[in-house]
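Q: Following this message is one structure expressed as structure tokens.
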Amino acid sequence: MTGAGWQEFPAFVPLGDDRLCSVVCAPSEGGHDLGVVLLTGGNYTRTHRNRMWVRTARALAERGFPSIRVDYHGVGDSTGTAFFDMEVPFDKDALAAAAFLKRAAGVRRLAIVATCFGGRSAMAAAAQEPDTVGISIAPVPLSVPKNRQPLPTRSKVRLWMKRYAVGTKLLQNPTVRRLRGKAAARRDGPAVIISPRFKKDVVEVLKRGGAVRFVYGELTEGLDELHQAIEEIGAHVTPEQRTHVEVDLTEGTSLLRFQTLADQDVIVSRAVDFVDSLHRSLSRAATP
Amino acid sequence: MELDRTLLAEHASHTLDGVTERAFVFEVEGERCFGLLYRPQDDAVRSDLGWVVCHSYGLEVLNLRRSERGLARRLASLGHPVLAFHRRGYGDSSGALADSTLEWHLRDTRAAAERLAAETGTTRLGLIGGKFGGLIAGLAARDGSAERLILMNPPLTGASYFRRMIKEMALVQLSIRDEASRRSTEDMLAELERDGMVDVLGFPIYRGLYEPIKGEDLSADAGAFSGHALLFQISKRSGVGKETQAVADRLQANGATVRVEALREPPGTTFGGVAYVSTGDPMTREDVQATVVDGIADAAAGWMRETA
């Protein structure tokens, strides 16, 4: 498939016995030595909400960057069955897609752009893939229960409510959230901590010289936990390595599930900008 | 940077459990549509009846994919080639939804049917669609080219589909702090009329599609379709709903033979909703749609055997 400045090739990427349905998008001619892996949250297929990753891939190709967008195993047109656990990222899916892109597009260096659960998978893959030079992540859950023990009754009730649309919306109601927050504050002990796995992966990436950008909205619910995570990560890297972590905040939005066309435009433009600036900085570093 | 076209071509298809899937691109009026062809691995068992899958709208394009895929693979295992594709402006295809019209949707469906016949030699056509895709399949069948239909929760009319989509936004708006920004369904339809587009939870509805499809009614007009139809009602209820029955009545009045299958959804699932949800540990998500996907495929396979 070809368009103005891009060409696309659907492919089934091998992952053990499974095949991950993917689309490789490449510049019509030539291109830079930097490929991009586009990852979604668990329930989205490779195109992402309202084709965000299709638009991103084609915009990247027009600027000379090949990419791959991929359905996780058990999702969309891929084979297999999936079970998502926030602490068990799909790094093997991301690594399989990355390896395929390197072979198909002939690139040596990679960037990973991801949202939500894909952010966990992106960071876990980047920690193992030494050619990954940058990771950009839109809002990603970072907290995990301190002890994953049998659920208390309040959590069971909350989960039961979340099984229904009305219950989910009720839980998102500001008044309900405020009351739940007060109740949580009265309980003893920290309920959650920043994911140790995620912190370890980020530290690994930073020590290798990789760049990490978090794309959040100023109203994103997890913004506090992001700042806490960065502070905790900072204790394990040098001040110079710490400067490679960037928080890109957009005013007036939470970017929640990318539920407006404006939020989607933010995600697409930030992804393209991230790869572009990564390429420029790599080019500057390579210039004697 | 140099593309390895041989590698890409080698990975454009794979075979699993006797069904070969091949992803490719075909041209429609200067744009390119993504297609995924399912066919039996053994050509000797191939039927001359092929199927085209019409996808839905918005988030359902993504969420219904697993149901469509399960059905496509089951039909292919019975010998029937199946082509699932993205219409122009959707998914991995080129084109812009802003330019889309109802006629465009129908022409893309016809182009997919022609491509299926050219690829596999099928001479008879069946159409599959879930929700909005069911409406498109039903409308495409009016020209008499299809002899079979599988419709899953088709809306009666285009207007009822899009009104329901907009109403779902009202639930989400409960969480918006700024009450002034909340809008009623009528406000949003007025915006669609005035501006030519309305943003419904990050999915645009364009006037160019809404206007011609809003009055289309599957219970009022089945056109020249008089073949075999399988209607799924996938819901929490046990009886057959009015909308499903109205479509079934219209098709039967046209001379079609109709089977209505009422599938019960497990608690917490919605046909067209997300597949992976938390059912216990909030840190985990499991597939709650799997039984529905299997139920659709099993019922369709039984219907195909009985009506062969």
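Where a number appears in this text, it was derived from the coordinates with a stated rule and is not lab data. Fair warning: this is a prediction, and the values are worked out from it, not measured in the lab. Cβ placement follows ideal geometry from the backbone for every residue including glycine, while neighbour counts extend to all protein chains displayed.
Q: Compute the signed sum of charges (Lys and Arg +1, Asp and Glu -1) over the other residues within less than 13 Å, Cβ to Cβ, of A:VAL202.
A: +3
Q: Please build a GNM for chain B, connecting alpha carbons under 10 Å apart, and tell me which residue among B:GLU211, B:GLU21, B:GLU191 fluctuates the most.
A: Comparing B:GLU211, B:GLU21, B:GLU191 in the GNM, the peak value goes to B:GLU191.
Q: Another one. Taking all pairs of different Cα atoms in the protein assembly as shown, averaging 1/r and flipping that mean, what Kirkwood radius in angstroms comes out?
A: 25.0 Å
Q: Moving on to the next point. How big is the antiparallel share of DSSP beta bridges in the protein assembly as shown, given as a percent to the nearest 5?
A: For the protein assembly as shown, the DSSP antiparallel bridge percentage is about 50.
Q: Rounded to whole Å and sorted largest first, list the principal axis extents of the Cα atoms in the stretch B:67-127.
A: For the stretch B:67-127, the Cα spread along each principal axis is 38, 25, 16 Å.
Q: Need one number: % antiparallel among DSSP beta bridges in chain B, to the nearest 5.
A: Rounded to the nearest five, the antiparallel share is 50 percent.
Q: With everything on Cα atoms, drop me the angle between helix A:117-128 and the longest principal axis of chain A, reported from 0 to 90° to the nearest 10.
A: 60 degrees
Q: Can I ask one more? So what is the 222 nm mean residue ellipticity for chain B from helices alone, if each DSSP H run of at least 4 adds -39500 (n - 2.57) and you divide by all residues, rounding to the nearest 500 deg cm²/dmol?
A: -11500 deg cm²/dmol
Q: Using Cα centres only, tell me the gap between the stretch A:1-55 and the stretch A:190-259 in whole Å.
A: If we compute the Cα centre of each part, the gap is 26 Å.
Q: Once you've got the GNM for chain A with C-alpha springs shorter than 10 Å, pick whichever of A:ALA191, A:ALA26, A:ALA61 has the biggest mean-square fluctuation.
A: A:ALA191
Q: Find the centroid of the Cα atoms in the stretch B:64-90 and in the stretch B:255-302, then give the distance between the two in whole Å.
A: With the stretch B:64-90 and the stretch B:255-302 each reduced to a Cα centre, they are spaced 16 Å.
Q: Among the listed pairs A:LYS92/B:LYS167; B:LYS214/B:LYS236; A:LYS169/A:LYS207; A:LYS102/A:LYS146, which have their C-alpha atoms separated by more than 30 angstrom in this model? Could you put the intermediate results ahead of the total?
A: Details: A:LYS92/B:LYS167 39 Å; B:LYS214/B:LYS236 27 Å; A:LYS169/A:LYS207 42 Å; A:LYS102/A:LYS146 38 Å.
In this structure, A:LYS92/B:LYS167; A:LYS169/A:LYS207; A:LYS102/A:LYS146 exceed 30 Å between Cα atoms.
Q: Now a separate question. Among A:MET86, A:MET123, A:MET161, which one moves the most in a GNM of chain A with springs linking Cα atoms closer than 10 Å?
A: Maximum among the listed residues: A:MET161.
Q: Another one. In chain A, which longest range has no GluC sites (Glu not before Pro) that are both DSSP loop (not H, G, I, E or B) and surrounded by at most 15 other Cβ atoms within 10 Å? Please report the intermediate quantities before stating the final value.
A: On the way: sites that count: A:GLU29, A:GLU87, A:GLU218, A:GLU221, A:GLU251.
Answer from the scan: A:88-217.
Q: Can you pull the mean other chain C-beta count within 10 Å for peptide B:10-17?
A: So the per-residue partner count for this stretch is 5.
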